[in-house]
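The values are calculated or read from the model by the stated rules, or taken from the named source; none is laboratory data. Everything numeric in this text was worked out from a predicted model, so none of it was measured. Because the Cβ atoms are built from the backbone with ideal geometry, glycine has one as well, and the counts that use them run over all protein chains shown. To get the accessible areas, we keep the full protein, side chains included, count just its heavy atoms, and leave off ligands, DNA and RNA. Shrake-Rupley method; radii C 1.70, N 1.55, O 1.52, S 1.80 Å.
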Amino acid sequence: MARKPRRRPPLPSPSPPASLNEDATTTESSNDMEEDGEEEGEEDDDDEVQGSDLSGRSAAPSFFEPHPEPRASSVEKFGDRVPVRVYADGIYDLFHFGHARSLEQAKKLFPNTYLLVGCCNDAITSKYKGKTVMTEAERYESLRHCRWVDEVVPDAPWVITQEFLDKHQIDFVAHDALPYADASGAGKDVYEFVRITGKFKETKRTDGISTSDLIMRIVKDYNEYVMRNLARGYTRKDLGVSYVKEKQLKVNMGISKLRQKVKEQQERVGKKLNTVAKTAGLLHSEWVENADRWVSGFLEKFEESCHLMESAIRMQIQKGLMKRQPKRRLSSKLLANSASGWIADSSLVKTGASNIIEF
C-alpha cells in the first residue's frame, strides 16, 4: 500500500515585533552565508574529483556514471521538517535502471523530498502512445518496489493541470528537459503549464537505455528469441507462431547449432595452427642460426657413410666373384665333354647313312 503523505504544518502566526524580526533576519542571513560557503566547498571538492577522473583512466563504456545531485537555491530551500512534495510521471513500461536513475534525481532535489510518481493506465497510454508490454498493474507494482518512490499515483493524467497539483499538494514536477509532444492536442508540450508556473525541475536522461531500445533489441532478434523459447518448452500457440514458421525456425535452429559447432572446430584448428606456426617460427630462427654447422656436420657424416658403403659393396662383389669361378670351370668342362660326344655321334650317323645308300 502507498504511504500516506504527511500534511504540512499550519502557517505561522502573525509577524512578531520588529526587534524579533531583525534578530531572525540576521540569523537567517548568517545561516545562508554558512550554507553558501559549504556549497562552494562542495563544488571545489567536485572539481577536484573530476580532475582526478580526467587524469586517470577513462571509464569503460558499459559503466554509467551517476548523475550529479541537483542543488536548490537558497530561495527554494524548505525546512527539513517539511517535506517538499515532488511529482514525476511516465509510462514506466519494462521498468529499467534509466527510470530508476531519473527517480533518484527527483528524490534528491531537496534534502527532504516526498516523491510521488504518477503512472498512466493502459487505456490512456494505448490512446496517445501505443501498446505496452506490461499491464498497468505490473507497472504500478514495479514502481512500488523502487527505493526512491514514496507514493505511486495510479491513473495519472496525460497532461498535468492545476486541479491535479492542488489535489495532491504538489510543489514541483520533475522530468527531463526535452519537450514531450502533447498527443492529446491540449498544447505543444505536456509540461508547458508547469514550466510557465515555474514549478518544473529538470532531470537528466540516461543515454543508451530506454524502453524503445529494449523493444528494438527484441524485434531485431525476433527469430532467435522465438527459437530460444521453443527450446525451453513453449508451444507455437504460446508464441503466436504458425506451423510452417515453427518448422522453419526449428530447421534454422539446427543449422545454427551446426554452424556453431563448425565455428568452434575452426577456432580449435586455428589455435593449433597458431601453435604450429609459432613452433615453426622458432625452428626457422634456430635453423638460420645453426644452418652452416648442421650442413657441414651432415656432409661429413654422409661422406663417411658413403666410404663405408663403398668398401662394403666391393667386398660383397669380390665374394660373389670368388664363389662363381669354380662353377664356371665345371661348366666349361661339361660343355667340352658334351661337345666331343656330339661330334662322335654325328660321325656315326654319317657312316650309317652312307652304308644305307650303298646298300
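Of everything in segment 102-159 that's in a helix (DSSP H, G or I), at pLDDT 95 or above and open to solvent by less than 10 Å² (accessible area, probe 1.4 Å), which residue is nearest to residue 211 (Cα to Cα)?
Ranking the qualifying residues of segment 102-159, first place goes to 139.
What do you reckon, is residue 222 modelled with pLDDT under 90 and either open to solvent by less than 30 Å² (accessible area, probe 1.4 Å) or out of contact with any strand residue (DSSP E or B) (no Cβ under 7 Å at 6 or more places or on another chain) (or both)?
yes
From (1) at pLDDT 85 or above; (2) surrounded by fewer than 10 Cβ atoms within 10 Å (Cβ to Cβ), pick out the condition that doesn't hold for residue 292.
Here residue 292 meets the rest and fails (1).
Pairs only if they're at least six apart or on different chains, beta carbon under 8 angstrom, first in segment 175-193 and outside any loop (DSSP other than H, G, I, E, B), second at pLDDT below 75; list them, first residue then second.
Listed by first residue and then by second, the contacts come to 189/181; 189/182; 192/182; 193/187.
Looking at residue 138, is it more than 13 Å from residue 87 (Cα to Cα) and acidic (Asp, Glu)?
Criteria met by residue 138.
Can you name every one of the helices (runs of 4 or more DSSP H) wholly within segment 197-249 that holds 2 or more residues which are under 30 Å from residue 173 (Cβ atoms), in contact with a His (Cβ under 9 Å, 6 or more places away or on another chain) and touching a residue at least 40 places away in the same chain (Cβ under 8 Å)?
Counting at least 2 such residues, we get 211-220.
Go through (1) open to solvent by less than 60 Å² (accessible area, probe 1.4 Å); (2) closer than 30 Å to residue 177 by Cα; (3) without any contact (Cβ under 8 Å) to a residue 12 or more places away in the chain; (4) hydrophobic (A, V, I, L, M, F, W, C) for residue 280 and report which single condition fails.
Result: residue 280 passes all but (2).
Of all residues in segment 125-143, how many are of a type outside the set (D, E, K, R) and under 15 Å from residue 155 (Cβ atoms)?
8
Kindly indicate whether residue 216 is under 27 Å from residue 131 (Cβ atoms), among the hydrophobic types (A, V, I, L, M, F, W, C) and open to solvent by 70 Å² or more (accessible area, probe 1.4 Å).
When the stated conditions are applied, residue 216 passes them.
Output the residues belonging to segment 190-200 that are more than 18 Å from residue 120 (Cβ to Cβ) and in contact with an Asp or Glu (Cβ under 9 Å, 6 or more places away or on another chain). Even if it seems obvious, please write down each step before you answer.
So the first thing to find is which residues in segment 190-200 are more than 18 Å from residue 120 (Cβ to Cβ), and the list is 195-200.
Matches in segment 190-200: 195, 199.
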